[in-house]
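Read through the structure below, which is laid out as structure tokens, and then see the notes.
The values are calculated or read from the model by the stated rules, or taken from the named source; none is laboratory data. As the structure is a computational prediction, the values presented were derived from the model and not from experiment. Here Cβ is always computed from backbone atoms with ideal geometry, including for glycine, and neighbour counts include all displayed protein chains.
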Ligand SMILES: NC(=O)c1ccc[n+]([C@@H]2O[C@H](COP(=O)([O-])OP(=O)(O)OC[C@H]3O[C@@H](n4cnc5c(N)ncnc54)[C@H](O)[C@@H]3O)[C@@H](O)[C@H]2O)c1
């Protein structure tokens with residue numbers, strides 16, 4: 001059997017754990033990882049060392065394409081650079097798998113859709129959030145019509161002060177790199193909503209604030225490693241305490257100056273930590289979406305209102321509290337994972353959400369990899385996502401950013417066809 005030749009561009013935490021390691025470890029029967037590409041040679045060296053495999057590594061994407069001749073390029077760099085690799089890979093005749101968000105601006109969305117049409121090559125977007133047990137349960141129940149026709153939805157995303165803070169330490173904290181959390185993070189949720197509702201978005205209105213992080217504190221250093229306040233700061237990140245953080249970031253930083261532990265209370269932060277978004281879909285469905293990046297717990301609360309009732313899930317299953325030494329710890333909450341269905345004029349009932357073996361993103365990463373790397377598998381829940389899904393989800397975020405700037409609602413059609 002001829003194996004598919006994959007090249008990975010962007011060998012950071014996600015590139016290693018989501019793609020490089022599983023390709024070598026779990027998909028060797030169908031896949032060859034023929035090249036790594038990153039602007040930081042030290043990080044690539046750390047990755048090859050951890051893979052235990054001498055994979056050809058390139059700092060030049062052109063040289064990589066020329067020498068390694070991949071069939072598929074996997075794009076896992078900083079969000080604001082995805083488009084350059086997607087466009088060039090398509091032009092060179094490769095297929096593309098890109099991490100979310102597909103890109104960060106409307107112009108780049110249009111360029112990717114256009115290049116895909118011109119080259120006939122395919123872009124797939126790694127929307128792992130479609131593969132979670134709760135996401136699948138919601139999709140199935142909505143399709144079964146348990147609440148009739150969906151009329152509106154509400155989605156609240158809570159990021160805790162560990163996960164949430166991480167977006168304010170490094171490149172994500174600049175809109176030019178990530179598009180802000182309304183693109184970088186919410187692209188998952190907008191895609192889920194588009195998929196659950198099975199319609200394209202039409203109009204977006206958004207408000208946002210940098211309310212908690214950013215230059216809110218007097219006492220702060222440039223980075224945790226050398227910070228005089230580290231003993232008292234609840235946001236202190238110790239890069240030396242974790243093997244992955246040490247090998248992939250701390251020991252690689254002299255090559256590109258990428259500090260993984262910048263202060264979350266810095267001046268240069270220009271993304272929002274608080275978002276409120278309204279979306280109207282082409283089929284009339286209305287969505288209210290909110291994101292909070294400094295919550296005392298992690299999770300989501302999602303609900304759908306239909307002609308025959310309401311369906312909702314509460315995925316908050318932890319809280320933050322001090323341990324005996326006064327340090328912040330995450331405590332699990334013993335809440336059953338269920339979808340609650342409240343039929344109009346009927347008795348409410350619950351549907352259990354399948355318990356899955358632990359794994360990255362609740363096992364979702366392993367499931368999407370099967371779809372990405374094994375061709376021909378069935379797709380009964382329509383989870384495979386291409387460039388259109390990537391575009392629709394990014395454009396809600398782009399429209400939201402524009403709406404925050406202007407105070408006006410923004411039409412998705414105007415971004416697609418300016
Ligand atoms: N689907 C998910 O659940 C999920 C989770 C985490 C990250 N991601 C996505 O994965 C991507 C990588 O995130 P990460 O957390 O690994 O970030 P990271 O900063 O750890 O890694 C990014 C890598 O890209 C490299 N890079 C940056 N700009 C580059 C350029 N112009 N050319 C070549 N290499 C460049 C960096 O050197 C680094 O090695 C992002 O797009 C992010 O949104 C997705």
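Worth pointing out:
- Within the range 28-53, tally of residues that are surrounded by fewer than 20 Cβ atoms within 10 Å (Cβ to Cβ) and out of contact with any strand residue (DSSP E or B) (no Cβ under 9 Å at 6 or more places or on another chain): 7
- Residue list for the range 43-73, filter: free of Cβ contacts under 8 Å to residues at least 40 places away in the same chain and more than 15 Å from the ligand (Cβ to nearest atom): 52, 53, 54, 56, 66, 67
- Residue check: residue 123 meets all listed conditions (1) within 16 Å of the ligand (Cβ to nearest atom); (2) assigned by TED's automatic domain parsing to the domain that holds residue 362 but one, namely (2).
- Criterion applied to 22, 56, 70 was being crowded, with 19+ Cβ neighbours inside 10 Å and farther than 21 Å from residue 360 by Cα, and the one residue passing it is 70.
- Residues that are in a helix (DSSP H, G or I) and either near the ligand (Cβ under 6 Å from one of its atoms) or in contact (Cβ under 8 Å) with a residue 40 or more places away in the chain (or both), drawn from the range 5-42: 13, 14, 15, 16, 17, 18, 19, 22, 23, 26, 41, 42
- Residue in the range 103-121 that is over 20 Å from residue 271 (Cβ atoms) and surrounded by 22 or more Cβ atoms within 10 Å (Cβ to Cβ) present: yes
- Qualifying residue in the range 388-405 (condition: over 22 Å from the mean Cα position of the chain (by Cα) and surrounded by fewer than 20 Cβ atoms within 10 Å (Cβ to Cβ)): yes
- Answer residue from the range 166-188, given it is surrounded by fewer than 21 Cβ atoms within 10 Å (Cβ to Cβ) and either at pLDDT below 95 or in a loop (DSSP other than H, G, I, E, B) (or both) and is nearest to the ligand (Cβ to nearest atom) among those: 170
- Unmet criterion (only one of (1) more than 16 Å from the ligand (Cβ to nearest atom); (2) surrounded by fewer than 22 Cβ atoms within 10 Å (Cβ to Cβ)) for residue 257: (1)
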